[in-house]
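As structure tokens, the structure follows; a few thoughts come after it.
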Amino acid sequence: MHLMYFTEQPMSAYDEKAGLDYGATALTFSNKHFDPVEGSRLYNNYLEQYLKVEDVGIDGIMLNEHHNAPFCMQAKTNMFAAILAAVTKKVKIVILGNPLPLAENPVRLAEELAMIDMISKGRLVSGFVRGGGQEQLSAGVNPAFNRERFVEAHDLIVKAWTQPGPFRFEGTHYQHRVVNPWAVPLQKPYPRVWIPGVISKETVIWSAQQRYPYIALNTSIEDTKKIWALYDQTAAECGYESGPENRGYLARIHVADDEATAVKNAREFTWMQGEFTGLAHPVWANPAGYFSPSGRRAFVEFAVGRSQNPRGAMTFEQQLESGMIMAGTPKQVLPRIRHLLEETRPGIMAVWAQDGKVSQKDSLRCIELLGTEVFPQVREWAKELGLNSPFESNSPVHLRYSTDLKKGPVAAE
Amino acid sequence: MAPREVAKLVLVGAMGIKPPEGDILDQAIISYIDYPQAFFHERKSFEAHYGNVTTDQLEAWDIAREMSFRIAWKPYMYSQSLPHLLGAVKAPALLVWGDDDKVVPVSAAHRFKTALPNARLEIVKGSGHAVEMEKPSELAKLVMPFLAAK
């Protein structure tokens, strides 16, 4: 089991009333409400949290990035990854992930990631994402080509990591006269790639085809099982058997010394008016062409207020009840985690431990409790249940490095 | 472009040129209904054409939106080259713009008139961007004699 810590790095000091008055807290909500004095304080708080994570023996730190919104103030995930590469010694630096379609020059990303891998002495996990819908808009990147750009940028980065330059790359969206970066990853054949996601079937299938672990981002147990069924089916079609080493799960868990404090702090998971990414116009989250065409009809109905959000909208109490948010003392949350492990069988688990305005003192205490009282038990259970991480099972970095592929039926000539 | 193939040219609220003043309305950040409503001078004109918008219509608009992004995402709905190419169009051109075009600013009409060597501009009062839907008779009165003239 690989266990890691995650925070969205909330810009919790923004003027909430201004957001409510404007009616949106994303994309066009003015950055005049961003206070850099508070920003400086918070960035350093998050760095202190990450150092605590290493101190208490947690395996990894999960990082991400978002743009134009207070729900996440990390605008470039490789910045914190580079900082952590230098100031930590043992933790895995798990980027989930770099939004590939937003990159105009994926070779630059390949260089940055190679530098992080070398500086960290081989501790990088380089996840990739498509980027949120509104990030296509904030970056000015065509949402209709999002998936094509994702795959093409991925292929270019992996080629830059694994094939000696110089070479020329003439793609549909990326053209490079000379690819020859003088920085290549320390880990061979290349750093592990994990793919986080929520609902896109296309991404689950693509991840399974690459044999990259898929990290389900706080999906319900029922939806998570559907994701694994699709992953397992695709893996079988590709000739391998998938297992816990292919499965990751991000859970929202806040622990404190007493239940009342834990529940009070866990309520902050809904600090953005109950929306993960804050208030926003639906068309920002799903610009035309970004979403799966199979979801077009359901989405347009939602976008004009004729139906509920296909992703669902639960109250805080409902989320506590269903286990989508776990809060309490370590002893109180452990049985819920055990249930999650038994039902979804992940080999990678990220804990999104706090959000919003949780104090730095409580955040650090939560990390300490996770490291010393929660995760040791989770590790024991993971051994008992056979939930091995990709590192423990030494699984191949990509399908092409597999040595265990079953031969499929041969097509007739 | 093959300008000699064009005998006469009618452009109604056309996109394609960067407006010297203002911007072409960006449909990417507004709703499926707000965008087509902006095509009309009066709300009642929109309602007369679309009434209660059906889900089929919304879906069609989303597909149209996706195609617009595919072909004209950046720069949005105009070409940097077009003003220079238009100089080769010797055919008579009629430019028609609504006086309340909230989608393509009327400054673009004046830019078209400058770029096309043989163009005339007519502004239709009380019309938005979709002149053909909001003031069809007025548009026909301009277009028919223009096309009929030798």
Q: Calculate the spin-label point distance for residue B:114 paired with residue A:155, positioning each point 7 Å from the Cα along the beta-carbon direction, and give it in nanometres.
A: 4.4
Q | In sequence order, calculated HN-Hα J values of the range B:73-85 (Karplus, 6.51, -1.76, 1.60; Hz; x Gly/Pro) | A | 6, 8, x, 7, 6, 8, 10, 5, 8, 4, x, 6, 6
Q) Of all trypsin sites (Lys or Arg not before Pro) in the range A:33-82, which ones are in loop regions per DSSP and have a Cβ with at most 11 other Cβ atoms within 10 Å? A) none
**Q.** FRET efficiency, residue A:306 to residue B:48 (Cβ-Cβ, R0 30 Å, nearest 0.05)
**A.** 0.85
Q) Counting DSSP beta bridges with both partners in the protein assembly as shown, what percentage is antiparallel, nearest 5? A) 5
Q: Please give the length that would be gained between residue A:221 and residue A:51 if that part of the chain were fully extended, namely 0.36 nm times their separation in residues minus their C-alpha to C-alpha distance (nm, one decimal).
A: 58.1 nm
Q: Name the long-range amide H neighbours of residue A:326: under 5 Å, sequence gap of 5 or more, or other chain; modelled H, no Pro or chain starts.
A: A:252, A:253, A:254
Q) Which lysines, on any chain, are close to residue A:201 with Cα under 20 Å apart, when same-chain ones fewer than 8 places away are left out? A) A:225, A:226
Q | Contour minus Cα-Cα distance for residue A:402 and residue A:237 (0.36 nm per residue) | A | 58.0 nm
Q. Going from the alpha-carbon gyration tensor of the range A:30-179, what semi-axes, largest first and in whole Å, does one get by taking the root of 5 times each eigenvalue?
A. 28, 22, 11
Q: Quick one: compute the contact order of chain A, relative version, from alpha carbon pairs under 8 angstrom and 6+ residues apart, as a percent.
A: 21
Q: Could you list the square roots of 5 times each eigenvalue of the Cα gyration tensor of the range A:264-356, that is, the equivalent ellipsoid semi-axes, sorted largest first and rounded to whole Å?
A: 30, 17, 12
Q. How large is ³J(HN,Hα), in whole Hz, for each residue of the range A:21-28 in order, when computed from phi with the Karplus curve 6.51 cos²θ - 1.76 cosθ + 1.60 and θ = phi - 60°, using x for Gly and Pro?
A. 5, 6, x, 8, 10, 7, 6, 9
(Q) Please report the carbon-and-sulfur percent of the accessible area for the range A:231-293; probe 1.4 Å, protein heavy atoms only, DNA, RNA and ligands left out. (A) 50
Q: Show which lysines lie in cross-link reach of residue A:188 when reach means a straight Cα distance below 19 angstrom and same-chain residues fewer than eight apart are skipped.
A: A:90, A:92, A:121, A:159
Q.
Students often forget the sequence filter, so: which lysines lie under 23 Å Cα-Cα from residue B:90 once same-chain residues fewer than 8 apart are removed?
A. B:8, B:18, B:113, B:150
(Q) Can you compute the modelled spin-label distance between residue A:368 and residue A:188, with each label point 7 Å from Cα toward Cβ, in nm? (A) 4.4
Q. If contacts are Cα pairs under 8 angstrom and at least 6 residues apart, what is the relative contact order of chain B in percent?
A. 36
Q.
Need one word for the range A:131-186: rounded, prolate or oblate. Basis is the Cα gyration tensor (sqrt eigenvalues a ≥ b ≥ c); a/c below 1.5 gives rounded, then a/b vs b/c decides.
A. prolate
Q.
If amide hydrogens are placed 1.01 Å from N in the peptide plane, which non-local residues have theirs closer than 5 Å to the one on residue B:119?
A. B:93
Q: For the range A:1-108, state which GluC sites (Glu not before Pro) are in a DSSP loop and have at most 16 other beta carbons lying within 10 Å of their beta carbon.
A: A:104
Q: Kindly state, to the nearest 0.05, the FRET efficiency for residue A:230 paired with residue B:88, given R0 = 60 Å and r defined as their beta-carbon distance.
A: 0.65
Q. Per residue, how many Å² of accessible area does the range B:1-143 show with a 1.4 Å probe?
A. 51
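Pull out the extension gain between residue A:205 and residue A:32, defined as 0.36 nm times the separation in residues minus the alpha carbon to alpha carbon distance; nm, one decimal.
My answer for the length gained is 58.2 nm.
Quick one: work out Rg over Rh on the C-alpha atoms of chain A, Rh as Kirkwood radius.
Rg divided by Rh gives 0.95.
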(Q) Given bins 10 angstrom wide, list per bin the percent of all Cα-Cα distances in the range B:5-75, short to long. (A) 15, 41, 34, 10, 0
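The values are calculated or read from the model by the stated rules, or taken from the named source; none is laboratory data. None of the values given here were measured: they were computed from a predicted structure. Every residue, glycine as well, gets a Cβ built from its backbone with ideal geometry; the counts of neighbours run over all protein chains shown. Ligands, DNA and RNA are excluded from the accessible area calculation, which covers all protein heavy atoms including side chains. Shrake-Rupley method; radii C 1.70, N 1.55, O 1.52, S 1.80 Å.
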